[in-house]
Structures are given as C-alpha cells and as structure tokens.
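Please read the structure below before turning to the comments.
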Amino acid sequence: MQQIIDFKNSASILSYYSVVGKSEKEGPIGECFDEYCEDDMFGKSSWEQSESEMQRLALKGALEKAELSATDIELLIAGDLLNQCVGSTYGLLDFNIPYVGIYGACSTCALGLALGGALLSGGVCDKCASVTSSHFCSSERQFRFPLEYGGQRTPTSQWTVTGSGAFVLGREGDIKIKSAVFGKSIDMGVKDINNMGAAMAPAATDTILRFFQNSSHRVEDFDMIVTGDLGYEGSEILKDLLLSNDLDIRKNHVDCGLVIYDRFSQDKHAGGSGCGCSASVLAGNILKNMQSGAIKDILFIGTGALMNPMTLYQGQSIPSIAHLVHIGR
C-alpha cells in the first residue's frame, strides 16, 4: 500500500486568508489574523449564517490576495462541522464554482489541502480552492448544550474556534504542498465528548508513524510538527504514544488548539478545536511565517472526531482520523 502521496512539486498554496471572532482576535496570535468581527455575528441574524459569512469572506480575501477572480478557480473543496455542511454550501453559493463538499470534522483543513494537492498533481485542474470553518455557538447548539443552559465545562473540554481559513491552490508558487498521508479511521473506545483529544490522539499517532516509517525524513528535518487540534490533553497523549514507538516530537510539536488561545487567562480549558481552528492558525500565522522565511518545512496534521450527535445518544464510541500534509518552501 502506498502510504505517502508525493505531489512532485506540482501543487502550491498561492494565497491564504483567515477570518476569526472576538476571542480568537484577543488570543496570543490575534494580530496575525486577516479579519475579525467584534460580536461574532458578521452582520447576520443566526450563528449558522454567521459561519457561512465567514467562509464567504475568507474565500473572497484569498482570491483578492492572489489577484484572481472566481472564474479562475476550477474547483472548490469545502466543508464544516454543521449537518450536511450547510456552512460551506450557503456561504460559497454565490461564487458559482464547481463544488466538492467534504467532511473530516476538525481534520477538514488538512483533508482539503491533501485533496487539492492530489487533484493538481494529477492534472485534474490548474487552480482550486479549499475552505473550512467552525463557529462556537453553532457547534454548541448542534453537539452539546444550548448556550442558555450554562453547563459547566470539564477540564478536558475544548472550545470550538469561531474562525475560517481559505486557501487558493495552484501549480506554481513558493509554498509547496509536497506530499500527503491520508488517515485511517481509528476507534479506541473513547466515549467522552468532552475529551476529544483522547479520542483523536491515536489517529494522529498512526498517521505520523506511517509518514516517518515510509519516508527518509527525520523529526529534526521539520521546523514544526503541527497538529490541529488535540488541545492539551490530546497533545500529551500523542507525545507519550509516539515516545513509546521511539519517536520524539516534543521539541518541535505545536498544536493549533494550544496557540490560538491563552487557555488560562481566556478560560478555554484544554484549548481550541473545530474546523476553523487549524485553518485559521495555518492561514493566519504559520504560512505567513513560512512566506517570510522564518520557517521552511512543516508537517501539518489535521485531526478529527467522526461522530455525530445521534451516535453519542446511542452510546457509541468516537472514531477519529488524522490527515497529514507536508508543506514547505
């Protein structure tokens, strides 16, 4: 089985754009984001419509940065956390671009980049775009408690990021999508919806191990090994699991859920999560540092929990997945 898909330097990230909410703007990397809204509503009357508006703004911004129009994009790859991915469907409707809806839970950003890289490398298209988002309020309404309930959050719970990231992909560009490893669905029996990090860490472990076992790369070859987003609990589990397999990523591991918020002063418990977490951190912070030359090579591993509210009501455990993308100059 081919574990690593090599894109042979034929896939690049041409531009990127991030849109976030108030808490994200107030976090440690808040100044990096391209656009934000003070009240998280983005001029809309519902949280779901607000999430759609974030996607529209993110793609619009990425196209403008690339000096392209919607007619230059041959395919749009997008998804979110809402049922039937309505955040993407409604938000990107007016661009009138052929659309592929995807669902990878919080791994959607990495999945979209990997699929886009494969399509470019395979000659299917010359330019495509990948977009994703999440919104704290729309996610809470769907997956947990009504906000009015005021439920107590557990120490292992993560805060769904209000944010969106859009990426325009093409063949020629300074920032390359070099290769990818698609994840496997892994279920280790975790049933606690308030501990997503524990559910997702085994999938991240499997994908990272397969990358290093099937390539000549070493951990120290990378400026950053980025997960998105395991939070505090999942990050600690990941590092322990990899150490038990003789792989030490402690010096260069970064988790998007741990950098987007100050989890103590902002009271975010185990950190951030959601499709918009890794997407906005990648677009708002990491790729800007790569463009400036501050970093050269990263592994970007998006992690996702593949359950829905009904499976949780029925007492099923939480399968998870992790997709890896090697990005570098």
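Taken together, the values in this text are just the output of simple stated rules run on the coordinates, not laboratory data. Values in this document were obtained by computation on a predicted structure and should not be read as measured data. Here the Cβ positions follow ideal geometry from the backbone for every residue, glycine too, while neighbour counts run over all protein chains shown.
Results, tabulated for the structure shown:
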read-out: Nearest-0.05 FRET efficiency for residue 267 and residue 312, computed from C-beta distance (R0 22 Å); value: 0.35
read-out: Karplus-derived HN-Hα couplings along the range 232-249 (A = 6.51, B = -1.76, C = 1.60, θ = phi - 60°), whole Hz, x at Gly and Pro; value: 5, 4, x, 5, 5, 5, 4, 5, 5, 5, 5, 4, 5, 10, 6, 10, 10, 10
read-out: Under the Karplus curve 6.51 cos²θ - 1.76 cosθ + 1.60, θ = phi - 60°, whole-Hz ³J(HN,Hα) for the range 4-18, x wherever Gly or Pro sits; value: 10, 9, 8, 8, 6, 6, 10, 10, 9, 9, 7, 7, 7, 8, 10
read-out: Amide hydrogen neighbours beyond the local backbone of residue 16, cut-off 5 Å, H modeled; value: 168
read-out: Selected from 91, 315, 183 as most flexible by GNM, with the chain as the system and alpha-carbon contacts under 10 Å; value: 315
read-out: For the range 175-328: span of alpha carbons on each principal axis (Å, largest first); value: 48, 37, 24
read-out: Residue 100 long-range amide H proximity, modeled H, under 5 Å; value: 76, 77, 78
read-out: Pairs beyond 25 Å (Cα-Cα), from 22/296; 25/127; 44/127; 8/239; 127/296; 184/296; value: 22/296; 25/127; 44/127; 8/239; 184/296
read-out: The chain: calculated mean residue ellipticity at 222 nm from DSSP helix runs of at least 4, using -39500 (n - 2.57); value: -9000 deg cm²/dmol
read-out: Summed residue charge, Cβ within 15 Å of residue 68's Cβ, Lys/Arg positive, Asp/Glu negative; value: -2
read-out: HN-Hα J in Hz across the range 223-230 - Karplus 6.51, -1.76, 1.60, θ = phi - 60°, x for Gly and Pro; value: 5, 9, 10, 9, 10, x, 8, 8
read-out: Summed residue charge, Cβ within 12 Å of residue 119's Cβ, Lys/Arg positive, Asp/Glu negative; value: 0
read-out: Summed residue charge, Cβ within 12 Å of residue 87's Cβ, Lys/Arg positive, Asp/Glu negative; value: -2
